[in-house]
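Below is one structure, written out as structure tokens; the observations come after it.
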Amino acid sequence: MKNVVIVGFGFMGVMHAQSYAQIPNAKVVGVVDKDPARAQENLTKIGLSAAIYKTLGAALSKQAVDVVDICVPTDLHKKYAMAAIKAGKHLFCEKPVATKVSDALKMAEAAEQAGVHSMVGQCIRFWPEYQAFYDFVKSNKAGRLLSLNLQRRAARPTGTEGWFRDADRSLGAAVDLHIHDTDFVAHLLGTPSAVTSVGTKDEFGWSRIFTIYHYGNAAVVAEGGWNQPPKWGFQMAFQAVFENGAVEYDMLANPTLKVTLGDAAPEPLPFAQPSTGASSANVGNVSSLGGYYNELQHFIACLERNEAPKVATLRQAAESLRIVLAEVQSAEKGKTVKLKAS
């Protein structure tokens with residue numbers, strides 16, 4: 001059994017808490033939030049009980065803790081991660097891992113030196129439909145991947161004290177939202193040789209970005225933005241074309257994931273959906289716990305075996321951050337940015 005303390009108990013902290021509640025070898029023993037009343041309200045919404053603390057230090061001094069799960073705004077990730085590592089606790093950190101690549105690498109180095117295990121919430125690597133697509137690509141059932149086009153669209157979030165709308169803290173949609181697809185592309189195909197990006201910039205930073213990822217054997221593009229109208233909703237989707245087929249995903253479609261092979265008609269592409277149900281908190285733009293459960297279940301399973309996770313590591317997250325910051329640089333400068341091997 002791994003005892004977990006969640007730092008930051010807004011939307012993401014609540015999603016994590018509900019996921020841990022369905023993992024037999026994990027228990028949320030405490031939450032850290034500067035607004036205890038909000039934390040208690042959120043615990044009540046999801047039917048869980050845990051001690052509430054205003055500081056991580058207080059939680060660590062009063063609880064037996066194995067894991068610190070960080071769900072605070074991105075600019076605070078390094079502060080809490082380093083505190084958790086210094087205390088010898090295993091670390092799960094939400095994405096983006098940091099606002100600077102140098103900070104992400106310092107976190108990775110500290111965790112490695114301390115001998116603690118760590119993982120980053122790049123949850124699309126664990127999203128059921130994306131997992132099935134990843135396996136399909138690697139199976140070569142439709143031949144070589146020729147092209148991949150990904151989309152992630154949302155209304156602009158606010159966050160606690162409006163932090164999403166502070167470009168210095170969130171780095172805008174180009175980083176906070178779009179990094180999901182950048183990370184998945186890197187997971188699937190590795191680091192591209194270069195990126196070419198254009199986008200829409202406003203007072204909240206880069207609120208929409210379009211990127212071409214340069215690979216020698218596949219055409220890959222992605223769009224990410226959160227400047228849809230306030231009540232528009234949320235959509236993630238992709239379309240892939242192979243030598244002998246196509247795969248299409250759209251979270252708003254039914255079925256969400258379908259495959260077309262050769263001359264056959266389109267049919268659903270099976271994927272493993274965990275029986276976690278939906279969030280009971282009624283917050284955020286995604287209610288399904290599936291991807292969050294999958295990543296946290298994987299992390300806890302690794303800890304139970306005393307194995308370092310090999311997927312969504314701190315170093316992988318740092319590389320995805322490096323790529324997406326190169327995309328922002330490309331959009332800023334209006335030219336292609338090359339990516340040297342890290």
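Numbers below:
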{"read-out": "Cα-based reach from LYS34 at 22 Å (exclusive), listing lysines while leaving out same-chain residues under 8 positions away", "value": "LYS45, LYS54, LYS62, LYS78, LYS79, LYS86, LYS89, LYS95"}
{"read-out": "Fraction of beta bridges assigned by DSSP in the chain that are antiparallel (%, nearest 5)", "value": "60 percent"}
{"read-out": "Summed residue charge, Cβ within 11 Å of TYR53's Cβ, Lys/Arg positive, Asp/Glu negative", "value": "+2"}
{"read-out": "Least to most buried among SER139, SER207, SER193, SER102 (fewest other Cβ within 10 Å first)", "value": "SER139, SER102, SER193, SER207"}
{"read-out": "Net charge contributed by nearby residues that have their C-beta within less than 14 Å of ALA21 (K/R +1, D/E -1)", "value": "+2"}
{"read-out": "FRET efficiency estimate (nearest 0.05) - Cβ-Cβ, ASP263 to THR158, R0 51 angstrom", "value": "0.55"}
{"read-out": "C-alpha center-to-center spacing [the stretch 1-79, the stretch 321-342] in angstrom", "value": "35 Å"}
{"read-out": "Mean Cα-pair separation over length for the stretch 71-184, i.e. relative contact order, pairs under 8 Å, 6 or more apart, %", "value": "27 percent"}
{"read-out": "Nearby aspartates and glutamates by direct alpha-carbon distance to LYS338 (threshold 20 angstrom, same-chain neighbours under 8 apart not counted)", "value": "ASP181, ASP183, GLU223, GLU319, GLU327"}
{"read-out": "Sites matching trypsin sites (Lys or Arg not before Pro) across the stretch 106-144 that sit in DSSP coil, with at most 13 neighbouring C-beta atoms within 10 Å", "value": "ARG144"}
{"read-out": "Net length gained if the chain between LYS333 and SER193 were fully extended (0.36 nm per residue, minus Cα distance)", "value": "48.6 nm"}
{"read-out": "Neighbourhood net charge (14 Å Cβ-Cβ; Lys/Arg +1, Asp/Glu -1) for GLN228", "value": "+3"}
{"read-out": "Sorted by Cβ neighbour density within 10 Å, fewest at the top, the residues MET119, MET236", "value": "MET236, MET119"}
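Read-outs: derived from the displayed coordinates by stated rules, not from any lab. A quick note: this is a predicted structure, and the numbers were derived from the prediction, not measured. Because the Cβ atoms are built from the backbone with ideal geometry, glycine has one as well, and the counts that use them run over all protein chains shown.
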